[in-house]
Amino acid sequence: MWRPPVGTLQPTNICAGTNVTFTATPTNGGTTPSYQWKLNGVNVGTNSPTYSNNALTNLVPVTCVMTSNAACVTGSPATSNSITMTVNPSVAASVNIAPTATNVCAGTNVTFTATPTNGGAAPSYQWKLNGNNVGTNSSTYSNNTLANGNLVSCVMTSNAACVTGSPATSNTITMTVNPI
């Protein structure tokens, strides 16, 4: 009797580059069963009850052939069922900010808007004024007390799946504020 290999990472929906370890657990394998792992039908891995791979591609099947060394066993070698992984590509997070104006009179309210790329359904935002945290967790930041030479930027943290480069730092806006 044979039990199929089981992926130790569940569910089978992963990000590209994720290391997945498959484990075969034989029944009636004998004292030293042999294992031949197969990736899309091609021999891979070593004679081991586990197989790891961090370069899986989308929907390519992984199987294991176990050969028992038990006496009087039937069904050997036995091939496991196939496990396929849905491999999602990695995407890069980034954020760009734009102000309503960069050259203003003192006291003018300026609103900055963050536009995320691959931010996910609910990205978080940390606005910065001259490198110090300001504002709220919002895609916009407004200020009517800006001074000449102030630097405004934003750090966006993505909640998208399979994202790289998060948190992402935006471009920096240098303000020109003219006295009244």
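Readers should treat all values here as calculations from the given coordinates under stated rules, not as data from a laboratory. Predicted, not measured: the structure shown is a model, and the values here were computed from it. All Cβ positions, glycine included, derive from the backbone under ideal geometry; neighbour counts span all protein chains shown.
Some points to look at:
- Most tightly packed first, judged by the mean number of other beta-carbon atoms within 10 Å of their residues, the peptides 77-83, 155-161 read 155-161, 77-83.
- Close amide H contacts of ASN150 (hydrogens built in the peptide plane, cut-off under 5 Å, sequence separation of 5 or more or a different chain): MET175.
- Calculated Rg and Dmax of the Cα atoms in Å (choose from (1) 15.0, 44; (2) 27.6, 97; (3) 52.4, 176), label: (2)
- Here region 84-180 is treated as a Stokes sphere of Kirkwood radius computed over C-alpha pairs; at 4 °C and 1.567 mPa s its diffusion coefficient rounds to 91 µm²/s.
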